[in-house]
1. So how many residues does region 558-588 have that are acidic (Asp, Glu) and farther than 15 Å from Val616 by Cα?
2. In region 457-509, how many are of a type in the set (Asp, Glu) and surrounded by fewer than 19 Cβ atoms within 10 Å (Cβ to Cβ)?
3. Out of the residues in region 381-401 that are closer than 22 Å to Asp283 by Cα and not hydroxyl-bearing (Ser, Thr, Tyr), which is surrounded by the most Cβ atoms within 10 Å (Cβ to Cβ)?
4. Taking Asn642 as the residue in question, decide whether it is in the same structural domain as Lys725 (by TED's automatic domain parsing), touching a Leu at 6+ places or on another chain (Cβ under 6 Å), in a helix (DSSP H, G or I) and surrounded by fewer than 23 Cβ atoms within 10 Å (Cβ to Cβ).
5. Quickly run through region 537-548 and pick out the residues that are outside any helix (DSSP H, G or I) and either of a type in the set (Ser, Thr, Tyr) or in contact with a Lys or Arg (Cβ under 9 Å, 6 or more places away or on another chain) (or both).
6. Tally up the residues in region 112-139 that are under 25 Å from Val432 (Cβ atoms), crowded, with 22+ Cβ neighbours inside 10 Å and among the aliphatic types (A, V, I, L, M), please.
7. Return yes or no: is Leu151 out of contact with any Ser or Thr (no Cβ under 7 Å at 6 or more places or on another chain), of a type in the set (A, V, I, L, M, F, W, C) and either crowded, with 23+ Cβ neighbours inside 10 Å or within 25 Å of Leu427 (Cα to Cα) (or both)?
Amino acid sequence: MNTRNLNLINKLIDSIVISLTFLVPIFFLPITTDFFELNKMALLVLGSLILLVLWGIKILFTKKLAISSSPLDLPILLSLAVFILSTIFSINKDASIFGTQGRWFPSLIGFATLVVFYYSSASNIDKSSTIKAAVYSFLLSSSISSLVAILGYYNTPLRIFDSVMFTFSGSINSALFVASLGTVLSLIMMFGEKNQFVKMSLTVVALTNFSLMLVLNNVVSWVLLITGLLAVAYTVPVEQIKQSKLNLYVAAGFIISLILLAALPATNKIVINNNFPREINLDVTGSWIVASSSLRDFPILGSGPSTFNLNYTRYKPLYLNNGNEWSLRFDKPFNELFNVMSTMGILGTAALVFLGIAVIKLAFKIKNTNENRSEDGNIAETLSAGLIITLVSFLVTYAYSINAFALFLFSALLVSKIKMVNKETDLVKHVVLSFTTVSEEVSLSSLSAVKKEYFHYIISAPVFALAIAGFLLTYRTYTAEIYMKQALVAAQKNDGNTTYQMMAKAINTNPRKDVYHNLYAQVNIALANSVASKANLSDTDKQTLQSLVSQAIRSSRISTEMLNPLNPVNWEVRASVYKALIGAAENSEQWTINAYNTAIQLDPTNPKLRLDLGGVYYAKKDYLTAANLFRQATTLKPNYANAYYNFAEALYNLKDYKNAKTSFEAALSLVEKGSADYKKVAEELNILKELPAVAGAAAESSPSEKPSIEPITQNTGATEQQNAKQEPLTDPNQLKKEPKVSDIVNPSAN
């Protein structure tokens, strides 16, 4: 291969690494259901596979395999091996391979992609200018990310998608990670620069990122910033700091002014948006309980990558029901350490901790000489600080595509830098295997007949095969997401026909997504109800109705019995499908009850499931069983107004008026005063009090007797949490009032 073509391949590899560094923090597309994580992972997969192909072409024509060997090799390969083993024994293999909806990392494909990116980059980057360009690309990207987040924070007309929560990175946590990293890395680079214009530009980048951190005032970002400043103090010489006094004065003046504006009462409301929503995360205690419980039941390899959502519902602690986030099903713990413990067990935790330790050692071993600093600035110090901040981020928040990419990016760039700076060191070795030296008399039987001039084709073939497989998997996953997005857009426009068709295409393209089947089942049953509501049904309508109901049942069974039987959400959807068929399909009542019971087994501390199941029994006039389930819901969530209200209704039908009155009063104390629900409960309570049995009992009671509400509130703590957010009250008779599929249809509901 001539030098010109080889240089072209090297330039393409460098360009892709620089482009990915710039794009990953800010890349998104609104054409899929998930704007951010999916598109960032798809971009990473695509970029890494192109790097792999270019590397394969380079091997093919140079007849050499050149790879950078470093202390990170063993921990990276061990971690990949544990990912593979944990996926093999996962409780949900599809999620472990591809990730869950909206949470595409960590997954086997995600981690393997980063490994491919690391080796493709570290083994082929051989210019300091490429490393420096990559660092500057990230700093530019970070400032763009923070600027867009600030526009959203201040509710400016320039905000994108008219959303205060919109960030290019995809979440507040990830935006703050990018801002923290951008602040520190730009400072270190600024200290090492001699060009005053570049120094001032880096100062502006640092201040832009810091501004976002200041106004959001998040503990996570302050921890990362302090970590980064300690890295600055450790790596940057005092002489460089003294030479940057002007930039430091400018930065100090801006920061002091911003802090004063935020602190002074006259300007506080202008600088600080107190109505800005905060990202909701699982707390440390809940994360530890779920992680330790998972580790107890799955000690060696965990439950599998990307299965924390299943572990959460199974092991969720009861105290979380008292908060406003009680109805949320968290799919990530407080930090990545808890996630690894829960999903990858002892081996996974040990392997990834080993990787973290190896990265820390590498970061602290490299130190540029004064000569290298004058030539390249503080590149090595910047990369080392970036690695330390990224590792700390896994202790204060969970892993997502950006911080995972940053870990492997900075590792690859640092390994390349060490390789270039210290070519004689044993820390990083550039291993070159020349296939032209392979003897024709190879002892291995599989290679004995292969001439040396063909050996490089055999070596490069798996590289191209892996790339092709990766492209096909990515295409299938991504195309299905596009179809599903089109279906959801059509649903918002009440275009049922397009919704139905696009969902069918999504399922045909990627039939392994339980979320798709759940949505498809719900759409089918909604369309069935729409058809059934017609006054006169034609034969065609009846056939359509039959088909829609059958498909709804089929889709719900696929998600619960084949794809992900351990997900309570799937069983809830299945229950809702059968619930809509009560009175129209044989045995639907029993199948609804069975589905809810399975969901309760998988999510035992969820009071809403018991409330819904109680509603089914209430509709069939089994008031005793319904009351028992409603009472269980109040036990699981002592400040659950809806459960008390339904419990009161069931007791009323059981003619237990005294306890019904007590439960009505408990519900009344929990709902917002003056609301429609408050008036509704008060009205029913007044009607109940007028009943002779209740009125007579009240007249006979002692004046010194405590009000009937106190025993409940004292035992449940309801009075302490009367300000907790409550869901709208649901009438237990609602099941009878909902539109149902016509009795003309009588499909088998089993």
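The values are calculated or read from the model by the stated rules, or taken from the named source; none is laboratory data. It should be emphasised that the depicted structure is a prediction, and the values quoted were computed from it without experimental measurement. Methodologically, a virtual Cβ is constructed for each residue, glycine included, from the backbone with ideal geometry; neighbour enumeration extends over all protein chains shown.
1. Count: 2.
2. 1
3. Within region 381-401, the match that is surrounded by the most Cβ atoms within 10 Å (Cβ to Cβ) is Ile389.
4. Against the criterion (in the same structural domain as Lys725 (by TED's automatic domain parsing), touching a Leu at 6+ places or on another chain (Cβ under 6 Å), in a helix (DSSP H, G or I) and surrounded by fewer than 23 Cβ atoms within 10 Å (Cβ to Cβ)), Asn642 does not qualify.
5. The answer is Ser538, and nothing else.
6. 6
7. When the stated conditions are applied, Leu151 does not pass them.
Here is a yes/no grid of residues against (1) polar (S, T, N, Q); (2) more than 23 Å from Met562 (Cβ to Cβ); (3) in the same structural domain as Thr33 (by TED's automatic domain parsing); (4) not in a helix (DSSP H, G or I):
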residue	(1), (2), (3), (4)
Asn497	yes, yes, no, no
Ala504	no, no, no, no
Val531	no, yes, no, no
Lys534	no, yes, no, yes
Ser550	yes, no, no, no
